[in-house]
Structures are given as structure tokens and as C-alpha cells.
Amino acid sequence: MKQLLLGDEAIALGAIHAGLSGVYAYPGTPSTEITEFIQGNALARERGLHSRWCTNEKTAMEAALGMSFMGKRALVCMKHVGLNVCADPFVNSAMTGVGGGLVVLVADDPSMHSSQDEQDSRHYGRFAMIPTFEPSSQQEAYDMMAVAFDYSERMCLPVLMRVTTRMAHSRAVVEVAVEARPENSINYDAQAANWVLLPANARRRNDHVCAQQALLEADAESSSYNVFADAPDHSLGIIASGIAYNYVCESFPDGCPYPLLKISQYPLPKTLVRQLLDTCQRILVVEEGQPFIEEQVRGVTDSRHILGRLTGQLPRTGELTPDSVAKALAQWTSDHGQCADAKDNIVHSPLSIEDASLVVPRPPALCQGCGHRDVYTALNQVLQEFDHARVFGDIGCYTLGFLPPYRAIHSCVDMGASITMAKGAADAGQWPAVAIIGDSTFTHSGMTGLLDAVNENADITVIISDNLTTAMTGGQDSAGTNKFEAICRGLGVPDDHLHVVVPLPKNMPEITRIIREEINYHGVSVIIPRRECIQTFKRHAKEKKNAKS
Amino acid sequence: MKVDIILCGVGGQGILSIATIIGEAAMNEDLYIKQAEVHGMSQRGGDVQSNLRISSNPISSDLIPRGAADVIISMEPMEALRYVSYLAPDGWIITSSVPFVNIPNYPDVDKLREALAALPHVVSLDIEQLAKDAAIPRSANMILLGAAQRALGIDFDKLCDAVRRVFARKGDAVVEANLRALAIGREAH
């Protein structure tokens, strides 16, 4: 059966058809649609698959590991920086090994369309000695899920599946199965000697996993996803991984004139790579993300023969495009006078407009009617009264408060860093030190930092801007909804310094008064401006109207 | 058959609905499709675009190379110009003529109009007025699609069938409004 699916949806359906029992995830662009698809899928509902959002990537990874321990198949999904949050259980999941198949799906975001860095998750796979898959098409992504779950169970290791933005958020026609494999039943065979990572057990497991690496590499050598295609012109050989492979093919509509090695399964199959090295004068490595393959290949041979992101043929940073790859290949063909046809095919002469200033950037902005706007209006009004106020921001829609007209925040680093950085600044003698964090980000990684602050009665003012949802990623449930006052009290925030306000223009006098008072209180205070996200509000109003009619 | 299309506009203007209809029509013809979308941060009133490629042969890249797009379908005139370097020399721009001004430094509207008019193949329509006149204010994007039909090289009837299938669950009135919008767009071109 054929379906038009986003890469994320192909992954989700592939997992359901592979006998998945649960998906565990925290929303993060570009991975969010995987879990959303499973939440809405009829078979997933009928089977009662776990698909509720988790509080953060670490709780997700650990819950999935627990499901795997019981013999069932589990999927964990996250964006690349989420892997930092769950790095501890991720790396240690190779030490415990798995029971039921465990696939960790990480969506990298080269060019940082919606992210704060462009780290490449393949490094994590190698670092943790976990086999890694990198599909090059939506069809491959769908097919690979079943292969990855089977492989995970066969090797007793988790499998890392790495995709990038253009795979996650691009649709294609995918041939999908009509029937789904049944779920695994509960299995009590898990051996405590593997799962209790006391040093004696962990050392034994570490030796075992290290010994497995040669097997994993041998499997990558013979994998049907790693394909070597020979061609007549050996002046150049090309290694292309994941979706970068598509850009190479795009450059040569009549077939690649150079030997081409496609990589979609790691560890890097060094024998296949050597086969290319031995027969080609130069090697161009084309990969999305950091020069992961390129660095390893440079270790195998005379590095002067290896071209790619490290040598300037391809841009060092940012996502590849069909144009950047075509340019690298055109440069090679014109420098070496061969394959003139190929050169003709890959050089385009674009149109342009005379006055380039007619097109100006249109950056994203906080929505009209958004409560964060009122929070920043109030905060800016109060902070004008202080010479050196510092506002530590966090990750979410409200990060847009950095842009005009608000220009309200001075930092945004990682989930939860607003509170802890404000505390550190206060420790350094800064006053006023204000943290602004969203509701979902607070439960993701802000609560522990607030406990640190309370324990030292740090001189900070924390604003939890609660819009009752995880808004930036499209309005998913927020783990702490209706619990924030109780959480703050439980962590030790005194009632006198815990306030809830409604961020609306008419309440400005009350909000500014409270912010001012709490800045002047030299201890931890928490202000919770609470009003539903305007986007989810509209959606809920529409749903209500439709339900009535 | 091979068409490379760039759909663009401002977050919330409905470019993905246009893509859905074209995709549905192409899928029904057993064509290959690749459609790269923008999700996440860019949706908050920022510029959005989607690369849609349709072909009777397998498609490699999800992204359209520069200078290769056959059609730019834009819900906003400045956004149409943003992607001109992707347009093939004989490619078409089908755009709404109505500026969406949500930034303080929006360029001079007359100069924008002149720059658009200077390009070889441009259809610029006040789709919002056309939609209002026809009392179908929510179907402006389908008027634009109707105007793009010839440049796309997809049969008008097949677009209509796709509209019927995609909007079926929203009821007959919605289907009817969007079919009328397609027809108005075709006439206006």
C-alpha cells in the first residue's frame, strides 16, 4: 500500500508495523511528529501502545529501557540536543544491553533551523559503541525500523537511528505493509548480572560490548544499506551518507560517473571504504552534519587524498544543499577536465532581482495576543528602574523576547538554564537576577535548579510563564499543568513569595507591582503568569464549536 | 513529466494546504513526490516555504536546486521575490499581490510591484479581494492554486478531484467553496 508520508511519519508507522509497544519522547523540532503520529494512529490506539509525552528525554530514555527490560519493543524520540539530556542512560544502555528491541531516534538539525547548536548524533553512537542507522529516503526510514528492532534484539544492544531536518520534515510516497507484526509478550529472562551496573558487572559487559564492535562493523560491511557502485572514472571516489547521497545523485541525473559508496549503517565499514581508497585518486566525503566519516577516513589513509568539509570543498558548517554538493562536484570536474557532461548538468544560472534590498528578513515573532508579550511588557517596565538588571532566558516561544520590540533577555543556553544561571549570577553578586522560563521547560529541567536556589535562598526572581502547553513545538501537553504552585511549595518556595497572575494588559499595575516587590525581596521568589497559549486557545475554541454543530 | 514547485508565504497563510492538494493529485496519478516543509520556529509569523517536486521518474533530492524551479506559488509578493534565485529562466511566478506587513522595514510596495513585473513570467492577483467578492474569504489560497494550474501542467479536473477528496471530511459547503475558488483562479489568469 502506498502512502504520502513525512519522514517522521514513515518512522512512526515503521515502528508500529515492527511490533512497537511504546514510544517515549519529549517534543523537539524536528522529531515531534513521530510521537504525534503514533498518538493518532488507529492501530496504535487499538493496541494501547504507550505514547504519552514524557517530562524530558532522560525520563523517556529510562522508561523505554524499562520496557525493553521486560522484553517489549520501545522507541525513544528526541531532537539532537535532547540526546545530551539523556546521555547518561543512553550511554549506559549499551552497558546493560537490551531485552526487547530498543531504537533511539534522534533528529539532528544542521543549519539550526530551530536549535541552539548543530551537533551530530553519530558521534554519540560511536562514543557509546551503539550501532547507528542513517536512512537516505523516507522509504528507507520506514523499512529500517523493522530492521533496527530486529537487529537490536539480535545484538542485545540499542540501535541509534539518526535523521536530519530534511528527512524528518519532507514527504514522499512510501510503500508500507498492510499488516503489523505482533507486539512481543512480556519476557522475564533479563539477567540481573547484566542490568545491575556495579563495577564488576559493568567491566564484564564493557569487555563484551567492545568485543561486539568487530561484529557490528562486519554487519555494516554486508549491510544492504551500505552500497558500493563502481563507475569508470577513478580520478575521484565519493562517500555519501544519509540524505547527502541524494544530493550527489541529483547532480548526476544520468548516473554518477565516479565510484560511489553510500553509507547508511555504522560503525563505518572500513573494508568498503578501503576498496574505494585503493582504486580512486581522491575521495570526496559528502555527509550531512559534522565531518564524522571524513575524520575517520582521514585516519585510514593519506589525509591529503580526502576532500570534504574539512578541506573547503564543502562548507564546514550548515546543512548541505543540492547546490553546495553540485558546486563541489563541478569544481572537481572543471579542475580535472573530465566528465564534461556532468559539469553541464550541475551548473545553473539563476535569475535575480536588481534591487536586493527589496527582500528583507521576516523573523518569527510572538503571536498577537500571546501572554508572553504581556509578561515582557511588565518585566521591561519594572527593570527600567534598575541600572544593571540581568534576565536569564530559556528555551521556548518566549526566547523570541530577545528580538525587538522587547529585547528582554540576556541568555538562552539549554533547557532549564535560566534558573541556575540566575542563581550563579546572584552568587556572583548580581542584582536583580531574573529567570524567565516556560511551564514545560520548567518541569523538563527547571525544578532541580529551583531546589538548589531554595536551599541557598538565592537572591533571584523566577518567572514561570505558564501557557498551559508546550507551545513552540505545536501545543503538546505540558507535564506540570495544574501542578506548578504545588511543585514550587514542595521545593520550599515560601507562600509569601509565590504569586499567580493573569498576563493581560488590564492587569499591568498588579503584575508590575508584584515583580517590583519580589525583586526587592532578597531571596527566592516565583511569579507564575498564567494564560493559555493563544494558538491552543483558538484550536480548543474551534474543537468546541465543531463538537456543538 | 517533472515539475519543481516552491510554495512560499508567511506562517499561517495556508501554503501547506496548497501543497496537500497538489500532492494528492500527483499521488493519484502514481507520480513520484518529494515535499520538504518548514515546521517549528519559522511558523511564528516568519517566512515559510515548501519545496514540492513531482515527477514520473524517481526524485533524488528533497530540495530544489537554484535555478531549477518551474513554478513559485506565493501567498505574498515579497516572499515570491525571496526565492527568485531558485526559479528557472523560463519559470513562472504565481503570487498574491497583497503585502503581508508584519515587520517595520517592509519594502516600498510600488517598487516591489515593479521588481515583480520586470521578471519574465509573472501572474500577480489580488486573491483576497477575489475571495471576498465571491464570498469565500477562507479559500484565497485555492484561488492562487487555480491560477497556477496551467503553469503546473496538472489537469484542472484532477485538481478538482483532489480538492473533493482532501476536503470531503469538512463537508459539502467547504468542498464547494474550494472548487469555486479553483475556477475563479483559473479564469483570473
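The values are calculated or read from the model by the stated rules, or taken from the named source; none is laboratory data. Everything numeric here is computed off the predicted structure, so don't read it as measured data. Methodologically, a virtual Cβ is constructed for each residue, glycine included, from the backbone with ideal geometry; neighbour enumeration extends over all protein chains shown. Side chains included, ligands, DNA and RNA excluded: accessible areas come from the protein's heavy atoms. Shrake-Rupley method; radii C 1.70, N 1.55, O 1.52, S 1.80 Å.
Of interest is the spacing of the C-alpha centroids, which for segment A:156-197 and segment A:492-510 amounts to 45 Å. Taking amide H as placed 1.01 Å from N in the peptide plane, B:Val123 has its amide H under 5 Å from the amide H of B:Ile93, B:Ile94, B:Thr95, each at least 5 places away in sequence or on another chain. In order along segment A:352-358, the Karplus-derived 3J(HN,Hα) couplings, from 6.51 cos²θ - 1.76 cosθ + 1.60 at θ = phi - 60°, round to 8, 9, 5, 9, 5, 6, 6 Hz, and Gly and Pro are given as x.
At 1.4 Å probe size, put B:Trp92, A:Trp332 in order of accessible surface, largest to smallest. Intermediate results must be reported in sequence, preceding the final value.
Details: B:Trp92 85, A:Trp332 30 Å².
Largest accessible area first, the list is B:Trp92, A:Trp332.
Distance from the Cα centroid of segment A:31-69 to that of segment A:242-291 is 34 Å (rounded to whole angstrom). In chain A, a dipole from Cβ-located charges (positive for Lys and Arg, negative for Asp and Glu) runs towards its positive end, and of A:Cys280, A:Cys210, A:Ser170 it is A:Ser170 whose Cα lies farthest in that direction.
Relative contact order for chain B using alpha-carbon pairs under 8 Å, separation at least 6, rounded to a whole percent? Working shown, then result.
Working: 352 pairs, mean separation 39.9, N = 189.
Across chain B, relative contact order equals 21 percent.
Among the listed pairs A:Lys2/B:Lys34; A:Lys79/A:Lys542; A:Lys548/B:Lys170; A:Lys542/B:Lys158; A:Lys79/A:Lys327; A:Lys58/A:Lys483, a Cα-Cα separation exceeding 23 Å is found for A:Lys79/A:Lys542; A:Lys542/B:Lys158; A:Lys79/A:Lys327. Rounded to the nearest 10 square angstrom, A:His499 shows an accessible area of 40 square angstrom against a 1.4 Å probe.
Given +1 at the Cβ of Lys and Arg, -1 at the Cβ of Asp and Glu and no other charges, the dipole of segment A:371-537 around its Cα centre is 400 debye to the nearest 20. Here the calculated FRET efficiency for A:Asp254 and B:Ala118, from their Cβ-Cβ distance with R0 = 41 Å, stands at 0.70, rounded to the nearest 0.05. Basic side chains Lys and Arg get +1 at the Cβ, acidic Asp and Glu get -1 at the Cβ, and with that the dipole of segment B:2-188 about its Cα centre reaches some 280 debye.
For the pair A:Gln3 and A:Glu517, a Förster radius of 51 Å applied to the C-beta separation gives a FRET efficiency near 0.35, rounded to the nearest 0.05. Restricting segment A:91-183 to GluC sites (Glu not before Pro) that sit in a DSSP loop and have at most 15 other Cβ atoms within 10 Å of their own Cβ leaves A:Glu179. The candidates A:Glu319, A:Glu250, B:Glu114, B:Glu79, arranged from most to least accessible area with a 1.4 Å probe in the full protein assembly, appear as B:Glu114, A:Glu250, A:Glu319, B:Glu79. Pick out, from A:Leu400, A:Ser264, A:Ile16, the residue whose Cα sits farthest towards the positive end of the charge dipole of chain A, with +1 on the Cβ of Lys and Arg and -1 on the Cβ of Asp and Glu. Most positive-ward Cα: A:Ile16.
What average count of beta carbons from other chains do you get within 10 Å of the Cβ of residues in B:101-110? Kindly include the intermediate steps, with their values, before the conclusion.
Numbers: counts 0, 4, 6, 3, 4, 2, 5, 3, 0, 0.
The mean count of partner-chain Cβ atoms within 10 Å per residue comes to 3.
Report relative contact order for chain A in percent, whole number only (criteria: Cα-Cα under 8 Å, sequence separation at least 6).
Numbers: 1099 pairs, mean separation 60.7, N = 549.
Across chain A, relative contact order equals 11 percent.
Within the straight-line cut-off of under 12 Å between alpha carbons, the aspartates and glutamates reachable from B:Lys2 are B:Asp70, sequence neighbours fewer than 8 places apart in one chain being disregarded.
For the peptide B:53-64, the mean number of other protein chain Cβ atoms found within 10 angstrom of a residue's Cβ is 6. Determine the total buried accessible area between chain A and chain B, counting protein heavy atoms only with a 1.4 Å probe; round to the nearest 100 Å². Separately minus together, A and B give about 4000 Å² buried.
Secondary-structure-derived ellipticity at 222 nm for the protein assembly as shown, considering helices only, amounts to -12500 deg cm²/dmol, per-run term -39500 (n - 2.57) for DSSP H runs with n ≥ 4. Comparing mean-square fluctuations of B:Ser55, B:Ser139, B:Ser74 from a GNM of chain B with C-alpha springs under 10 Å, the top value falls on B:Ser55. Work out the charge dipole of the protein assembly as shown with +1 on the Cβ of Lys and Arg and -1 on the Cβ of Asp and Glu about the Cα centre, then indicate which of A:Asn482, B:Ala177, A:Val91 is farthest towards its positive end. After comparing all options, I get A:Asn482.
Entry comment: accessible area of the protein assembly as shown is 40 Å² per residue, from protein heavy atoms only and a probe of 1.4 Å. Taken one residue at a time, the phi angles of segment B:51-65 give Karplus couplings (6.51, -1.76, 1.60, θ = phi - 60°) of 9, 10, 10, 10, 7, 7, 10, x, 10, 7, 7, 6, 9, 8, x Hz. Gly and Pro are set to x. Overall, chain A carries a charge dipole of about 980 debye about its Cα centre when +1 sits on the Cβ of Lys and Arg and -1 on the Cβ of Asp and Glu, all other atoms neutral. Within a straight-line Cα-Cα reach of under 17 Å, A:Lys544 can be paired with the following aspartates and glutamates, leaving aside sequence neighbours fewer than 8 residues apart in one chain: A:Glu532.
Taking R0 as 25 Å, what FRET efficiency do you get between A:Ala211 and A:Thr271 from their Cβ-Cβ distance, rounded to the nearest 0.05?
Details: r = 19 Å, r/R0 = 0.75.
E(calc), rounded to 0.05, equals 0.85.
The string of couplings for segment A:169-183 from the Karplus curve (6.51, -1.76, 1.60, θ = phi - 60°) is 10, 10, 9, 8, 7, 10, 7, 10, 6, 8, 10, 9, 5, x, 5 Hz, one whole number per residue in order, with x for Gly and Pro.
With every protein chain present, what accessible area does A:Met1 have (1.4 Å probe, heavy atoms only), rounded to the nearest 10 Å²? Accessible area of A:Met1: about 110 Å². Proximity of backbone amide H atoms, modeled 1.01 Å from N, is registered between A:Ser111 and A:Gly318, A:Glu319 at under 5 Å, excluding neighbours fewer than 5 places apart on the same chain.
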